[in-house]
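Student: Encoded as structure tokens, here's the structure I'll be asking about.
The values are calculated or read from the model by the stated rules, or taken from the named source; none is laboratory data. None of these values were measured; they are calculated from a predicted model. Don't worry about glycine lacking a Cβ; one is built from the backbone with ideal geometry, like all the others, and counts go over all protein chains shown. Accessible surface is based on the protein model in full, side chains and every heavy atom, while ligands, DNA and RNA are left aside. Shrake-Rupley method; radii C 1.70, N 1.55, O 1.52, S 1.80 Å.
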Amino acid sequence: MAEHYGIYDYKSLNFKKLGVFVFGLGDNSRLKKKISGMRVDLDTIIMAGILDRLSLLLYSFSNSKSKPKYISDILLAKEDKEKKIKGYVSGKEFEKRRDEILKRIGENNG
């Protein structure tokens, strides 16, 4: 917003006006990429796809046993967020939580 419109204090705008400004931003703006869940712009993804296909073509003509990694897969992957693994201290605690989940599933299906 600051780069494109010169707006540094976006909180001073009302929600509707802010939405209009965001809609007018380019697809390679940080805000649009954040909203769409993309880490890089479309041109970069296309170039990575071309490189991946070229690498795969070269791999098919070689005797290498290790398949090349796809750069486009790395770029398109969602941000790596560590999954929180929850452990249970006792079997009773696990069974209690399992019963809560099963009850919630039963309510949603019934």
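Student: Just grab the label-to-label distance for LEU58 and GLU100, each label 7 Å out from Cα along the Cβ direction, in nm (one decimal).
Tutor: Inter-label distance under the simple model: 5.3 nm.
Student: Restricting attention to segment 1-98, which trypsin sites (Lys or Arg not before Pro) occupy a DSSP loop and are surrounded by at most 10 other Cβ atoms within 10 Å?
Tutor: Answer by residue number: LYS65, LYS69, LYS78, LYS81, LYS83, LYS84, LYS86.
Student: Calculate for the chain the 222 nm mean residue ellipticity that helices alone would give, adding -39,500 (n - 2.57) per DSSP H run of length 4 or more and normalising by residue count, nearest 500 deg cm²/dmol.
Tutor: After summing the helix terms and dividing by residue count, I get -18000 deg cm²/dmol.
Student: Quick one: what are the phi-derived ³J(HN,Hα) couplings along segment 19-26, Karplus 6.51/-1.76/1.60 with θ = phi - 60°, whole Hz, x for glycine and proline?
Tutor: x, 5, 5, 5, 4, x, 5, x
Student: Dipole magnitude of the chain about its Cα centre, charges +1 at Lys/Arg Cβ and -1 at Asp/Glu Cβ only, in debye to the nearest 20?
Tutor: So the dipole magnitude of the chain works out to roughly 380 debye.
Student: Got a number for carbon plus sulfur as a percent of the chain's accessible area, 1.4 Å probe?
Tutor: 58
Student: Once a ≥ b ≥ c are taken as the square roots of the eigenvalues of the Cα gyration tensor of the chain, is the result rounded (a/c under 1.5), prolate (a/b larger than b/c) or oblate (a/b not larger than b/c)?
Tutor: It comes out oblate by the Cα gyration axes.
Student: Of LYS11/LYS33; LYS32/LYS86; LYS11/LYS32; LYS34/LYS103; LYS33/LYS86, which pairs sit farther than 28 Å apart, going by alpha carbon to alpha carbon?
Tutor: Long pairs (Cα-Cα over 28 Å): LYS32/LYS86; LYS34/LYS103; LYS33/LYS86.
Student: Find the centroid of the Cα atoms in segment 27-51 and in segment 52-66, then give the distance between the two in whole Å.
Tutor: 26
Student: Need one number: nm distance between label points at ILE46 and SER90, each 7 Å from Cα along Cα→Cβ, rounded to one decimal.
Tutor: Result for the modelled spin labels: 6.2 nm.
Student: Ordered by residue, what ³J(HN,Hα) values in Hz, to whole numbers, does segment 43-50 give under the Karplus form 6.51 cos²θ - 1.76 cosθ + 1.60, where θ = phi - 60° and Gly and Pro are x?
Tutor: Karplus values, whole Hz, x for Gly and Pro: 4, 5, 5, 5, 5, 5, x, 4.
Student: Rolling a 1.4 Å sphere over the protein heavy atoms, what is the accessible area per residue of segment 1-95, to the nearest Å²?
Tutor: Roughly 91 Å² per residue, with all protein chains present.
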